[in-house]
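The values are calculated or read from the model by the stated rules, or taken from the named source; none is laboratory data. Predicted, not measured: the structure shown is a model, and the values here were computed from it. Here Cβ is always computed from backbone atoms with ideal geometry, including for glycine, and neighbour counts include all displayed protein chains. The protein model used for the area step is the full one, side chains on, heavy atoms only, and it has no ligands, DNA or RNA in it. Shrake-Rupley method; radii C 1.70, N 1.55, O 1.52, S 1.80 Å.
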Amino acid sequence: MPSTAKVTLQVENPDGTFNAFELTEHDTFLLGRMADCHLCLPDDSQVSRHHFLLETCPPQASLRDLGSMNGTHVNGKKCGGREKGETPEQGAQRQYPNVDLKHGDRITVGKSTIQDDLTGKFPYRFDPKRDPIDIILNETPVPIRDRMPGLTKDLAAVIDQALVRSPKDRFPDAGKLLAGIRNPSF
């Protein structure tokens, strides 16, 4: 049976738009302002030309700052970034530590935030004796408030509607889902 492991990145851009990237095999992923980056953020002046490198071997992922001016922050903690007065070339010569990521980690670069998923927990209860695909296809997702009790009732309703099994009961498109997230009392 092929592997179902993946790393999913949800990127919130400074303008409020979102991008999603799903990585299903060993790969490297470059983020920065330059056009040669896999995720290019050209309008965020606080992001370096080549800001960080993400390596995935699903379900594991790690990142390494590449000598960025402002550093890379994981859950609010600065991980890398060159010293004050250091040139980009000097910063790129140093080896910054790899940071192992786990579900739910928030990566902040410049004005952009990246998160691998909403809750850090898979929305199904798994039984190691069953095929995970069978569970996904035949079981009901665990209600979001069971996984995140502090979530507001209105936002929980939006998330639960997005996970409903029947497509006709879900949001009809991404725009409606985003509107529900921004105004959860729909």
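Assorted remarks:
- So Glu22, is it touching a residue at least 12 places away in the same chain (Cβ under 8 Å), surrounded by 15 or more Cβ atoms within 10 Å (Cβ to Cβ) and in a strand (DSSP E or B): no
- Qualifying residue in region 37-45 (condition: closer than 20 Å to Leu101 by Cα, touching a residue at least 12 places away in the same chain (Cβ under 8 Å) and under 14 Å from the mean Cα position of the chain (by Cα)): yes
- Within region 153-163, the set of residues being exposed (fewer than 14 other Cβ atoms within 10 Å of the Cβ) and out of contact with any Ser or Thr (no Cβ under 9 Å at 6 or more places or on another chain) comprises just one member, Lys153.
- Among (1) in contact with a Gly (Cβ under 8 Å, 6 or more places away or on another chain); (2) at pLDDT 80 or above; (3) buried (at least 16 other Cβ atoms within 10 Å of the Cβ) - the single one Asp116 does not satisfy: (2)
- Residues satisfying the stated conditions in region 15-34, i.e. under 18 Å from Met69 (Cα atoms) and either under 17 Å from the mean Cα position of the chain (by Cα) or not charged (D, E, K, R) (or both): Leu30, Leu31, Gly32, Met34
- Matching residues, region 175-186, being under 20 Å from the mean Cα position of the chain (by Cα), open to solvent by 60 Å² or more (accessible area, probe 1.4 Å) and touching a residue at least 12 places away in the same chain (Cβ under 8 Å): Ile181
- Considered as a group, the residues in region 5-19 that are of a type in the set (S, T, N, Q) and farther than 19 Å from Leu101 by Cβ include one that is surrounded by the fewest Cβ atoms within 10 Å (Cβ to Cβ), and that residue is Thr17.
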